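Working notes, beginning with the structure itself.
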Amino acid sequence: MAAARCPWQLVLLTTLLVLLACSGSGAAEKLTNFRFYFHEIPSGANITTVKVAGLNVNGSTFGDLKVFDNALREGADPSSTLIGRARGIVVFASLDNSGGVTAMEFVFSNYGNYSGSTLASVGHLTVPDVSERSIVGGTGVLRFARGYFTTEFIVSTSDYRVAIIDMYFTTKL
């Protein structure tokens, strides 16, 4: 009985088909960069962040839970154009008081083609260092977004905080 021979073209074609199948959906993606400013008011008449639970053990923030609804603006100045809101929660889950785990939604209301769309994120906020967190999804024209963003606080007082948000994410075309 003669051994079956496999032509090299068939091997090449099979290899290419397997590689294409493993490469994902093949849908084109677009890389986008957003840069805007996160404005938080932790005290006073127009408060935007509130502690809703806390253990208050030995002056530690460990176990604290806060909710927030902060302004997103084009610039660091509080009178710069409002482009949306950052809404979410932060749970201080670090024994060393270095920060907390956040779940946040960026809601864009006045941001050109992105108005009416949102981005969802999760990750660890490290204070006062630059933090990097995940973008895990979106809605509207930002549907299926994934990527990351950094947060760097440039103003931090007991009455007002401003952070630069730098986002890098992809969406399907």
Here's a check for you: in the stretch 128-148, which residue that is buried (at least 17 other Cβ atoms within 10 Å of the Cβ) and closer than 20 Å to ALA93 by Cβ is nearest to the chain's Cα centre (by Cα)?
ARG133
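Conditions (1) touching a Ser or Thr at 6+ places or on another chain (Cβ under 8 Å); (2) farther than 20 Å from THR61 by Cβ; (3) in a loop (DSSP other than H, G, I, E, B), marked per residue:
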{"position": "VAL90", "(1), (2), (3)": "yes, no, no"}
{"position": "THR102", "(1), (2), (3)": "yes, no, no"}
{"position": "ASN110", "(1), (2), (3)": "yes, yes, yes"}
{"position": "ARG133", "(1), (2), (3)": "yes, no, no"}
{"position": "PHE144", "(1), (2), (3)": "yes, yes, yes"}
{"position": "THR150", "(1), (2), (3)": "yes, yes, no"}
{"position": "ILE154", "(1), (2), (3)": "no, yes, no"}
{"position": "ASP159", "(1), (2), (3)": "yes, no, yes"}
{"position": "ALA163", "(1), (2), (3)": "yes, no, no"}
Residue within the stretch 52-60 that is assigned to a strand (DSSP E or B) and either farther than 17 Å from VAL127 by Cβ or of a type in the set (Asp, Glu) (or both) present
yes
With ALA21, ALA45, ALA27 as the choices, which residue is of a type in the set (A, V, I, L, M), loosely packed, with under 10 Cβ neighbours inside 10 Å, within 16 Å of TYR160 (Cα to Cα) and modelled with pLDDT under 95?
ALA45
With (1) out of contact with any helix residue (DSSP H, G or I) (no Cβ under 8 Å at 6 or more places or on another chain); (2) at pLDDT below 95 as the list, and LYS66 as the residue in question, which single condition is left unmet?
(2)
From (1) within 19 Å of VAL67 (Cβ to Cβ); (2) surrounded by fewer than 19 Cβ atoms within 10 Å (Cβ to Cβ), pick out the condition that doesn't hold for THR102.
(2)
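The values are calculated or read from the model by the stated rules, or taken from the named source; none is laboratory data. It should be emphasised that the depicted structure is a prediction, and the values quoted were computed from it without experimental measurement. Please note: Cβ atoms are built from the backbone with ideal geometry, for glycine as well, and neighbour counts cover all protein chains shown.
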